[in-house]
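Below is one structure, written out as structure tokens; comments come after it.
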Amino acid sequence: MIIVLIGPPGSGKSTQGHLLSEEYHIPFIGVGDLVRDMIHSDENEYESKVNSGNLLPDNVVFGIVKTELDKYDLQLGVLLEGYPRTIGQAELLDEYLLKKRVKLNQALYLNNVPQKQISDRIAGRYQCQSCGATFSKEQVPPDFVCERCGTLLIPRKDDTSESLLCRMKEYQKKSLPVCEYYEKTDRLCSVDASRSIEDVFELSKRCLEKG
């Protein structure tokens, strides 16, 4: 089973992605984390672009994704969280999967989250200063210490109100058309992400099991 999980900032993609990964025993690939790891380990011209809420060029992001996908046996499945974010990225992914002789089973679209709820969720996110791992409000350890490397967690640099505004504009302009792209090929299932974590998880499973 190959799944992509898409939706606006703060829609719960990472939380649901980890739950679904465990449920179906498939690898979880958080593309946002991979991008942040890249700019964290090798500061370059993309760091300010990411922190301000802008999207990176399609070929740059796909290069990161392809490197990660190549590590896995895709016949056994994989879950991509936060990718693709543009039509170009969706097309590159389809071309790559075709060459691997596998196909995307389902694009889960987490939607219907009010702006205030998005802002509240984003306000509670933290990131590791060392390895770049991101934790949602529900995942932040009580001692604010990273479970991966033991470093103190801090609020995410790209979770400012200015960054969120920019990311929402980018999402409306470039990411919403991705939903139409998958809907045209009958691979999209919308999930009401304004509900509880447990409800969204159950709704997501229904989408996958009926698809």
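The values are calculated or read from the model by the stated rules, or taken from the named source; none is laboratory data. All figures in this text were calculated on a predicted structure; none of them were measured in a lab. Cβ sites come from the backbone with ideal geometry, for glycine too, and all protein chains shown count toward neighbours.
Does region 175-196 contain any residue that is surrounded by 12 or more Cβ atoms within 10 Å (Cβ to Cβ), assigned to a helix (DSSP H, G or I) and in contact with a Gly (Cβ under 7 Å, 6 or more places away or on another chain)?
The answer is no, given that none of the residues of region 175-196 is surrounded by 12 or more Cβ atoms within 10 Å (Cβ to Cβ), assigned to a helix (DSSP H, G or I) and in contact with a Gly (Cβ under 7 Å, 6 or more places away or on another chain).
Of the conditions (1) over 22 Å from Glu170 (Cβ atoms); (2) crowded, with 17+ Cβ neighbours inside 10 Å; (3) at pLDDT 95 or above, Lys100 satisfies every one except a single condition; which number is it?
Unmet for Lys100, out of (1) over 22 Å from Glu170 (Cβ atoms); (2) crowded, with 17+ Cβ neighbours inside 10 Å; (3) at pLDDT 95 or above: (2).
Of all residues being touching a strand residue (DSSP E or B) at 6+ places or on another chain (Cβ under 8 Å) and either modelled with pLDDT of 85 or more or assigned to a helix (DSSP H, G or I) (or both) in region 148-173, which is nearest to Pro114 (Cα to Cα)? Just the residue, please.
Checked region 148-173; the qualifying residue nearest to Pro114 (Cα to Cα) is Leu153.
Could you identify the single residue in Leu97, Leu79 that is under 20 Å from Lys184 (Cα atoms) and outside any loop (DSSP other than H, G, I, E, B)?
The unique qualifying residue is Leu97.
Can you confirm whether region 130-146 contains a residue that is farther than 21 Å from Gly17 by Cβ, of a type in the set (S, T, N, Q), at pLDDT 80 or above and in contact with a Ser or Thr (Cβ under 8 Å, 6 or more places away or on another chain)?
No, the conditions are met nowhere in region 130-146.
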